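Below is one structure, written out as structure tokens, with a few remarks after it.
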Amino acid sequence: MKPFTPAIIAMLAALAAPARAEPEGLKLFEEKIRPALVKHCYACHSAQARDAKKLKGGLYLDSAAGVAAGGESGPVIVKGKSKESLLVKSLRHEGLEMPPSGKLPDDLIADFAKWIDMGAPDPRTGEAALASKQRSISVEDGRNWWAFRPLAVSKVPATDNPVDGYIRAAQQAKGIKPAPRAAKEKLLRRAYFDLIGLPPTPAQLESFLGDSSPGAFEKVINDLLSHSAHGERWARHWLDTARYAESGGYEFDGFRPGAYHYRDWVIKALNADMPYDEFIRLQLAGDLLKPESIDGAAATGFLVAGPFPGQITAKTVERIRYDQLDDMLMTIGGSMLGLTIGCVRCHEHKYDPIPHKDYYGLASALARTVQGTKNMDIDPEATARALETHKVQGEAPRTALEGFVSTQLPGRFSAWAKAELSKLPPAPRWQWLEPVAYEAERSFLKSTAGGVIAHDGNITPGAARRQRGRPAAAGAGEHFRLTFQTHQQNLTALRFDLFADKALPQRGPGLNADGSFQLAEITLQARPLDPASKAAPVKVKLKAAYAAAEDPNQPLANALDGKPATAWVVKATAKRDNAAILEFDSPLAGSAEGTVLELDLVFKDQGIGRLRVSATTEPGPATWAGDTAGQHDSELKALAPLASKPMPGQVGLSLARWFAPRDAETAKFVRAVRDHEAAAPRPNMAEVYTTAAGGQDVYFLRRGEVDNKQGKAEPGFVQALWRGAGAPVARQGVEPRVALAEWMTDMNSGAGPLLARVIVNRLWQHHFGRGIVATPNDFGAQGERPSHPELLEYLASELVKGGWRLKPIHRMIMLSETFRQSHEADPANLAVDPENKLFWHHRPRRLEAEAIRDALLAAGGNLDPAMYGPSVLDNSMRRSIYLRVKRSELLQVMTVFDAPEPTASIGERPVTTVPTQALVMMNSSLVRQQAEKLADRARPSPGEPVAMSVERAYRIALGRDPSPAESQRMTAFLAAQAVGSSDSGRKALVECCHTLLCLNEFVYVD
Amino acid sequence: MPNNFPSRLALPGRRRFLAEAGLGFGTLALSNLLGEEAAAAAAAPLAPKSPHYPGKVKSIIWLFMTGGPSQVDTWDYKPELQKRDGQPLAGADPKTGFFTTSGKCLASPFKWAQHGKSGTWVPEIFPYLSRHVDKMCFLHSMHLRQNNHAPASIELMCGTNRPGLPALGAWETYGLGALNSNLPAYVVMHDTRPRGDDQIWSAGFLPKTFQAMALDSRRKEAIDNLARGAAHSDPQQRAQLDLIRELNREHASTRQTQADLAARIDSYELAYRMQMAAPEALDLSRESAMTQAMYGLERPECATFARQCLLARRLVERGVRFVQIFAGKGVAGDGSVGDVPWDCHSDLQSNHRSCGLHTDQPAAALLADLESRGMLDSTLVIWGGEFGRTSDSQGAKGRDHNPNGFTIWMAGAGVKGGLHYGATDPFGYKAVEKKVHVNDLHATLLHMMGIDHLKLTHRFNGRDFRLTDVGGEVLSEVLA
């Protein structure tokens, strides 16, 4: 006989437990436990409660089976282990608080614990109600959901434009006839608003009306698609799905000055017709895929555009983090996949095949992603071009210097050396080191006389831009790298002088707003000057020898301990100069041919404002006292023996550098090179609000509660959207977010097909007022089914075939006869399909808030066409996409016309009609001003007949001529309004124009 | 299309069409294709709708005590705390508030006395309100999860702590419609904007029709664009509106599928009427000198709040559904912070005295005025802020935020006066008895207005949302 396996032993033990516990355990149950359950728990946890619709948490405590099954929060008891039992924890108010009416007496809770420790004997029969069982989601079935399948194109119709074939087939089945073509001026206005969100000008109208060639409309479409306003129009649609805003919401609604780069990036991407899969990849992982480029950083502004509290307490920090991850997931789900992923935080999806595991897998892929800012070059190409030019221009002085070094310098130096070298004073204790190069991560450094490195204030550091209540941007610490050269040997120590300066915050020495700095790490590396040398760079070991006004809790040694978390903190309190000495573990041998010293200073936030670095060759403990001077003379002494030999190039240049202060002719050549270097073009830096490294591991949460962690989650994706081998997880060695982007756009095994369906549906939706799937953000079971599934498949696969470019899809849709139909509604069709699901005519639609404002400005001839840049307020004449989006102060002119709350992904805006809109049109200064400007445009010279002005106003505002009846009525209105006024009818014409702007026709497109 | 109406109004399979028919006000060209009520709902989202069952409350006025008043210094008298001043507070959790607290009991510095038949204890800072305690139904066991102003205010008004969800007032007007189409149905009044701003009175994912109209007491023009332009005379504007109507009708006549065109035609007429109705409603000079004095309009320390309370009565009188007043600070230099006046971190005594002075008389006058006009039979007045305060001290004399137990009271239609519901522990630190979460409060308020909170839903991004999220129990004991 085989020995029992552990599992069988456990089973037997479990069977035996109740028997052993009886009768003592049962007695306890009957006397204490059962009455307590009946009194305190059955109201919400029993079959009776279920029948009364009061069942909570899917938990039944009215039968042994129910207790054993547990509820939505998982098992409630672990037999024999009261401490691990959720029931006891809840009674003790650890995590859950049960019963909700108030804590039970401690002795009764102890009885529950005892009962569970005894194995929880329970004589009650009855089954755990079925409702308590989690609905199991079959991922396998999920893969067969229509939207999750691979793209499948049925036979493509033989019509000129396949779109029409698909649409007509569905119409014919219902006996519906499509509407005739729209009149040309209506079609033009429709195309303009659809593609660029602006009305055609009278000249554009005239040109189109006069072009009777068959390709006239196609030409218009092509022109509009290549118009830069196209990106501005369609970016706004995408920004709705991306819940784009420029502030954090919540407590202080801190403004994010660098957030607009995301908006600009979207505009540029759409104008450039960036392949949509690339567009998506960059928004998910641009910072990792293109780390050096502002585009990559701007694109991931998508992930962190959501609201985030400005004040966080210890109690709320973790919940806020999970809320943030949830915000990212909901937005990714809604905007890219048309899925409601957010539901899965608390429970397995009730309708779609998305289990808990997928949600936390996705969350885990974002675990190391938090919000931050980066200073980046706004136009790296321009910078590269400028640098190239500068480099070319630098060749002349450099060649001159090199020529001087090889021909004249040796002679001039030896003549001088003979006479003067011996007269030089002995080396001072401390020599100022003059940097030969200086770089910084976040700002610009410059060197001033005496080798003092100064922040030149050209770039405002982040500190100065920080908003009220905003925490410091994560991962944005300053990093200085200073490079020195020396020909001296046996350096023994470095000294830092940190100067107070009126130009610095609180006089410095730090650049933080309070004048402090936090220097996390100092490292020094030495290597031979000769680039051909094979000697390896040496890391010089440093010791903290002295620091003035040192805080014992945050001493200089913190900067030498190799731990980036600790720092040498110097505050501004003294408003005096400060200093520190760093001894070398052993003297730096160096090389007579020259040594390069590379000093790295890594800060936790901003850097030091004015810094001077000195070195000494004195052996023994470096002391504070002693004279100081520049390093020139000591270098000359060290170089003198080399100067007589034929000098290697580097040594010759060094000699020129250090000899310059002693020789005017040398100085002339050296200065020419230096001046040129100092004039190097600087990149146009900008602060970009984007993703940053940070965050911590993600855990499974029961019911989404942070106090109820269940185990660490590993990066993974939606299993039902995976056709590859195994489970969809991030490959080894690939950043999880990059893997997420790959999976999202993977046509073969990943989410690619759904991604394509969702975006072509959005294009269709914005051209027709309703998507083929009428719920653009929900392609799941709760959403609507596609009205024309084959058309959707066709458009999606055309998109992918065409390299994911959107403009050809726009073109195909808009060149179809279906798009060109009139708005007229045939009553027979209306009876069959009142909702126009079969797209048998073109439904008039009201313009969105942005398009209304833009159209008003266009009518007044005031629209400022400037693109990009920081957002503006509504007194600006810029297009509305550039208006500020501050979460707590949304602009009324936008919200009144249904611009959405930017807190969650929005796939379609509601269209409401309220009197406050009419008040804007009737009384606002915006509309009145545009009416006045329109009047001036309509009548450039006062002597013109009124009828002509009316006609012009109609053309500008409505894109058509007035009918004779309209003309007549307008003229009569003008005459009546002009009675008694002496301004030759200008005000009356303003009233006429104001009337036109108030018309439904102005804000509706047929 | 995005506009769904309360499920009871939506006909199966017709939702899309209804929405497409627009959100207008006027007649619906195709109403014969639809049930009448559904058609009306589609045409006019703010038209009165029949509730699920008859409700006692027609309007709510919420006096929002911005910043979070201390329960143990206002309506939750704790003799035990008074006795143990300076002694350790058992179970004190230093993470409760926003800063760190001492863990030592801080007794209320005020004189307390019992008032009314209910014998309710009231501190000396409410000499006027103390006369009305028998109208008030106290919920002593309020609690929520957020411990900072904006998130807590969002939780208190929208049911969960995250922004983007509709506030109570938006849900209410969404469910019931307006009683007066010439005025907004949901009005918020503030002085300095409270922390959280628009997020507290947001329509969230509901159509913006249901967004509160915010009246800023500091502004001269209460409602944007309400005043006719200076260049316009009334007859001129009337003539212009007549022409607009005429041209719009012609335009609509060939676009019969678009009911929203008709709605937009009517909206101009409504706006024109609102131009006259709103200034009348907002004009306090129409009130008698006695009424003005009763509210305290002439007292600088409470004039702002007095104007707001009196305005609230005038608005409710004219059918506004939900008015919320965010109490601002009193006179300048009283040490309180404008956007969170009750936020007594450093000196509870002077802070609460000042806030009492600013709010007591006007709030009491509002109750008396509503009662004398018979309006208290259909109006519910609520007094409360976003959370309570710690029973232990912050510093020597202040109290920190405490969301674990606080008191609000309701008075008027629908509730039992003089009732004390639920309780905090003997120190007033945490709600322990009959705990009331925000969801429960909302369920109860909706119930009083005739709405079943489980049935008032809106589909957004694939989910049917409700104000009470996944919780909410009607507090039947408090119902009159």
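The values are calculated or read from the model by the stated rules, or taken from the named source; none is laboratory data. Keep in mind the model is a prediction, meaning the values are calculated, not measured. As a convention, Cβ positions derive from the backbone with ideal geometry for all residues, glycine included, and neighbour counts pool all protein chains shown.
Inside the range A:775-803, residues that are touching a residue at least 40 places away in the same chain (Cβ under 8 Å) and closer than 26 Å to A:VAL344 by Cα make up a count of 11.
Cβ-Cβ under 9 Å, sequence separation 6+ or interchain: first residue in the range B:128-146 and of a type in the set (Asp, Glu), partner part of a strand (DSSP E or B). Which pairs? Final answer for the pair search is B:ASP134/B:HIS115; B:ASP134/B:THR120. Residues considered: B:LEU380, B:LEU441, B:LEU454, B:LEU467. Of these, the only one that is assigned to a helix (DSSP H, G or I) and out of contact with any Lys or Arg (no Cβ under 6 Å at 6 or more places or on another chain) is B:LEU441. Kindly indicate whether B:ALA289 is more than 14 Å from chain A (Cβ to nearest Cβ) and either on the phi > 0 side of the Ramachandran plot or touching a Phe, Trp or Tyr at 6+ places or on another chain (Cβ under 6 Å) (or both). Judged against the criteria, B:ALA289 is not a match.
Does any residue of the range B:436-443 turn out to be touching a Pro at 6+ places or on another chain (Cβ under 8 Å) and surrounded by 23 or more Cβ atoms within 10 Å (Cβ to Cβ)? Within the range B:436-443, not a single residue is touching a Pro at 6+ places or on another chain (Cβ under 8 Å) and surrounded by 23 or more Cβ atoms within 10 Å (Cβ to Cβ). For the range B:209-217, check the following and say yes or no: at least one residue is in contact with a helix residue (DSSP H, G or I) (Cβ under 6 Å, 6 or more places away or on another chain), under 30 Å from A:GLN977 (Cβ atoms) and either at the interface with chain A (Cβ under 7 Å from one of its Cβ atoms) or modelled with pLDDT under 85 (or both). Taking every residue of the range B:209-217 in turn, none turns out to be in contact with a helix residue (DSSP H, G or I) (Cβ under 6 Å, 6 or more places away or on another chain), under 30 Å from A:GLN977 (Cβ atoms) and either at the interface with chain A (Cβ under 7 Å from one of its Cβ atoms) or modelled with pLDDT under 85 (or both). Condition test on B:LYS83, is it crowded, with 16+ Cβ neighbours inside 10 Å, more than 14 Å from every other protein chain (Cβ to nearest Cβ) and modelled with pLDDT of 95 or more? The answer is no for B:LYS83.
Selection of strands (runs of 3 or more DSSP E) fully inside the range A:537-649 by the criterion of at least 3 residues being surrounded by 15 or more Cβ atoms within 10 Å (Cβ to Cβ) and among the hydrophobic types (A, V, I, L, M, F, W, C) returns A:542-547, A:568-570, A:578-588, A:595-603, A:610-616. Taking each residue of the range B:350-368 that is without any contact (Cβ under 8 Å) to a residue 60 or more places away in the chain and looking for partners that are in a helix (DSSP H, G or I) and crowded, with 24+ Cβ neighbours inside 10 Å with beta-carbon atoms closer than 7 Å, six or more apart or interchain, yields B:HIS358/B:PHE305.
Would you mind finding the one in B:ARG307, B:ARG264, B:ARG273 that is at the interface with another protein chain (Cβ under 9 Å from one of its Cβ atoms) and surrounded by 16 or more Cβ atoms within 10 Å (Cβ to Cβ)? Just one listed residue meets the conditions, B:ARG264. Looking for something in contact (Cβ under 8 Å) with a residue 24 or more places away in the chain and part of a strand (DSSP E or B) - is there at least one such residue anywhere in the range A:675-682? Checked against the condition, which is being in contact (Cβ under 8 Å) with a residue 24 or more places away in the chain and part of a strand (DSSP E or B), the range A:675-682 yields no hits at all. Return yes or no: is A:GLY342 over 30 Å from A:LEU653 (Cβ atoms), in contact with a Leu (Cβ under 8 Å, 6 or more places away or on another chain) and modelled with pLDDT under 95? Against the criterion (over 30 Å from A:LEU653 (Cβ atoms), in contact with a Leu (Cβ under 8 Å, 6 or more places away or on another chain) and modelled with pLDDT under 95), A:GLY342 qualifies.
Counting only residues that are aliphatic (A, V, I, L, M) and at pLDDT below 95, how many does the range A:795-830 have? Total satisfying the criteria: 3.
Among the residues that make up the range B:396-405, is at least one of them of a type in the set (Asp, Glu) and more than 29 Å from B:ASP198 (Cβ to Cβ)?
Initial filter on the range B:396-405 (of a type in the set (Asp, Glu)): B:400.
With more than 29 Å from B:ASP198 (Cβ to Cβ) added as a condition, the list becomes none.
Scanning the range B:396-405 turns up no residue that is of a type in the set (Asp, Glu) and more than 29 Å from B:ASP198 (Cβ to Cβ).
Here the helices (runs of 4 or more DSSP H) wholly within the range A:870-980 that include at least 2 residues being facing chain B (nearest Cβ under 9 Å) and more than 31 Å from the chain's Cα centre (by Cα) are A:915-923, A:925-938, A:964-978. Please find, among B:PHE387, B:PHE406, the residue that is buried (at least 23 other Cβ atoms within 10 Å of the Cβ) and within 14 Å of another protein chain (Cβ to nearest Cβ). It is B:PHE387. Only one of the listed residues (A:VAL392, A:VAL370, A:VAL304) is of a type in the set (A, V, I, L, M, F, W, C) and part of a helix (DSSP H, G or I). That residue is A:VAL392.
Considering (1) closer than 17 Å to A:THR916 by Cα; (2) crowded, with 21+ Cβ neighbours inside 10 Å; (3) of a type in the set (Gly, Ala, Ser); (4) more than 9 Å from chain A (Cβ to nearest Cβ), the lone condition that B:ALA259 does not fulfil carries the number (1). Among the residues here, A:ALA229 does not qualify as in contact (Cβ under 8 Å) with a residue 12 or more places away in the chain and not in a helix (DSSP H, G or I).
When we screen A:GLU784, A:GLU790, A:GLU798 for residues that are of a type in the set (Asp, Glu) and in a loop (DSSP other than H, G, I, E, B), the only hit is A:GLU784. When B:LEU30 is tested against the conditions (1) modelled with pLDDT of 80 or more; (2) within 14 Å of another protein chain (Cβ to nearest Cβ), the lone failure is (1). Taking the range A:802-824 as the range and being over 29 Å from the mean Cα position of the chain (by Cα) and of a type outside the set (A, V, I, L, M) as the test, the residues that pass are A:ARG811, A:SER816, A:GLU817, A:THR818, A:PHE819, A:ARG820, A:GLN821, A:SER822, A:HIS823, A:GLU824. Note on the range A:232-255: residues that are outside any loop (DSSP other than H, G, I, E, B) and acidic (Asp, Glu) total 2.
Yes/no per residue for (1) in contact with a Gly (Cβ under 6 Å, 6 or more places away or on another chain); (2) outside any loop (DSSP other than H, G, I, E, B):
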{"position": "B:PHE98", "(1), (2)": "no, no"}
{"position": "B:LYS117", "(1), (2)": "no, no"}
{"position": "B:GLU155", "(1), (2)": "no, yes"}
{"position": "B:LEU165", "(1), (2)": "yes, no"}
{"position": "B:GLY169", "(1), (2)": "no, yes"}
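Residues considered: A:ALA298, A:ALA363. Of these, the only one that is in contact with a His (Cβ under 6 Å, 6 or more places away or on another chain), more than 14 Å from chain B (Cβ to nearest Cβ) and either buried (at least 23 other Cβ atoms within 10 Å of the Cβ) or over 29 Å from B:ALA150 (Cβ atoms) (or both) is A:ALA298.
Considering only residues that are more than 9 Å from every other protein chain (Cβ to nearest Cβ), surrounded by fewer than 22 Cβ atoms within 10 Å (Cβ to Cβ) and either touching a Lys or Arg at 6+ places or on another chain (Cβ under 6 Å) or in contact (Cβ under 8 Å) with a residue 40 or more places away in the chain (or both), which ones fall in the range A:986-1006? Selection gives A:ARG986, A:PHE1002. The single residue among A:SER888, A:SER871 that is modelled with pLDDT under 90 and among the small types (Gly, Ala, Ser) turns out to be A:SER888. Note on the range B:189-208: residues that are away from every other protein chain (no Cβ under 11 Å) and either modelled with pLDDT under 80 or part of a loop (DSSP other than H, G, I, E, B) (or both) total 2.
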